[in-house]
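Below is one structure, written out as structure tokens; comments come after it.
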Amino acid sequence: MTDRYCVFGNPVAHSRSPAIHAAFAEQTGQEIEYTAIEAPLDDFAGAWRRFVAEGGRGANVTVPFKEEAFRLCEVLSQRARRAGAVNTLVLGKNGQSYGDTTDGVGLVRDLERHGVDLAGARVLVLGAGGAVRGVLEPLLAAQPASLLVANRTASKAEALAADFADLGAIRGGGFDAVEGPHDLVINGTSASLAGDLPPLPDDLFAPGATAYDMMYGAEPTVFLRWAAERGARTVDGLGMLVEQAAESFFQWRGKRPDTDPVLEALRRAL
Ligand code: ATR
């Protein structure tokens, strides 16, 4: 029987993961089936159990199930424990569910692709929700000179910084605590979805700085447009999406796909 994988979400019809994993499988000669499954909002664990009973070997997990996936796993990677979320489920040989999160490593690999040197950089992360929590460990592991987490609700950023304080030079605060210059500014808020821009000072960017939005779309986000006007180099989150998928694929199949052609094809199709 063909090994089965899927992405669980709700809604999930828009997901690009089936196309990405089909491309990875073709490229690496892996025979797998990968579909999108809309899990019921009140029974994610049941959806995963049913999928396993029907030959499922692993899954990606997206909004709004990452925390629930975290809770059902018998075994968790260190980075998933830190993130408090799971985006990659792997069925163990003994039937146990193993949970990992590949979002953070996906972001760091995409930054590497764009030649962003995190070591010694002054980094600002906007937002303090699940998306940001998921990327802080690998960002800190790259040893930036400083990492400021700024959020509309300052207390959430402060709490997040306290949770990761053992890993490096991290601080949290409100947007009013932000002053430039920064070498890298990552937008991890969902403000772009509403076309909103966090209130930010004009002198945010150091010369040669990069602005990264974890969101992506056919058009640049409000944040990226604002950043481009202030001289920053801009990068959207499509590469992060492909890189997190590649790391999940590696967890399941032990093969590392070449992400560049897959990213190019996705970009053309946006
Ligand atoms: P996710 O899983 O995408 O991180 P989340 O946990 O709901 O979702 O977090 C959303 C983040 O976007 C939060 O940091 C939120 O700020 P608050 O903690 O103050 O709510 C931020 N956010 C959402 N809409 C925003 C807006 N219009 N302006 C600024 N920040 C916004």
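Inside the range 128-182, can you point out the residues that are open to solvent by 50 Å² or more (accessible area, probe 1.4 Å), within 25 Å of VAL63 (Cα to Cα), in contact with a helix residue (DSSP H, G or I) (Cβ under 8 Å, 6 or more places away or on another chain) and among the aliphatic types (A, V, I, L, M)?
The answer is ALA131, and nothing else.
List the helices (runs of 4 or more DSSP H) that sit entirely inside the range 129-173 and contain at least 3 residues that are more than 9 Å from the ligand (Cβ to nearest atom).
Hits in the range 129-173: 136-141, 154-163.
If I ask for residues that are closer than 13 Å to THR2 by Cα and either touching a Cys at 6+ places or on another chain (Cβ under 7 Å) or touching a residue at least 60 places away in the same chain (Cβ under 8 Å) (or both), which ones from the range 30-60 would you list?
GLN30, ILE32, TYR34, THR35, GLY56, ARG57, GLY58 - these are the residues of the range 30-60 that are closer than 13 Å to THR2 by Cα and either touching a Cys at 6+ places or on another chain (Cβ under 7 Å) or touching a residue at least 60 places away in the same chain (Cβ under 8 Å) (or both).
Working carefully through the options LEU224, LEU193, LEU241, find the one that is within 19 Å of the chain's Cα centre (by Cα) and open to solvent by 50 Å² or more (accessible area, probe 1.4 Å).
When all the criteria are applied, what remains is LEU193.
Outside any strand (DSSP E or B), open to solvent by 70 Å² or more (accessible area, probe 1.4 Å) and charged (D, E, K, R) - does that describe any residue in the range 199-211?
Yes - at least one qualifying residue is present in the range 199-211.
It is to be established whether one or more residues within the range 63-76 are in a helix (DSSP H, G or I), in contact with a strand residue (DSSP E or B) (Cβ under 7 Å, 6 or more places away or on another chain), in the same structural domain as SER248 (by TED's automatic domain parsing) and buried (at least 18 other Cβ atoms within 10 Å of the Cβ).
Initially, the range 63-76 is screened for residues in a helix (DSSP H, G or I), giving 66-72.
Of the ones still in play, those that are also in contact with a strand residue (DSSP E or B) (Cβ under 7 Å, 6 or more places away or on another chain) are 69-70, 72.
Then drop every residue that is not in the same structural domain as SER248 (by TED's automatic domain parsing), which leaves 69-70, 72.
From what is left, the residues that are buried (at least 18 other Cβ atoms within 10 Å of the Cβ) are 69-70.
Yes, the conditions are met somewhere in the range 63-76.
Give me the pairs: first residue in the range 144-161 and in the same structural domain as SER190 (by TED's automatic domain parsing), second residue surrounded by fewer than 18 Cβ atoms within 10 Å (Cβ to Cβ) and in a helix (DSSP H, G or I), beta-carbon distance under 6 Å, and six or more apart or on different chains, which are they?
ALA150/PHE175
The values are calculated or read from the model by the stated rules, or taken from the named source; none is laboratory data. All figures in this text were calculated on a predicted structure; none of them were measured in a lab. Heads up, the Cβs are rebuilt from the backbone with ideal geometry, glycines too, and the neighbour counts pull from every protein chain shown. Surface accessibility is based on the protein's heavy atoms, side chains included, excluding ligands, DNA and RNA. Shrake-Rupley method; radii C 1.70, N 1.55, O 1.52, S 1.80 Å.
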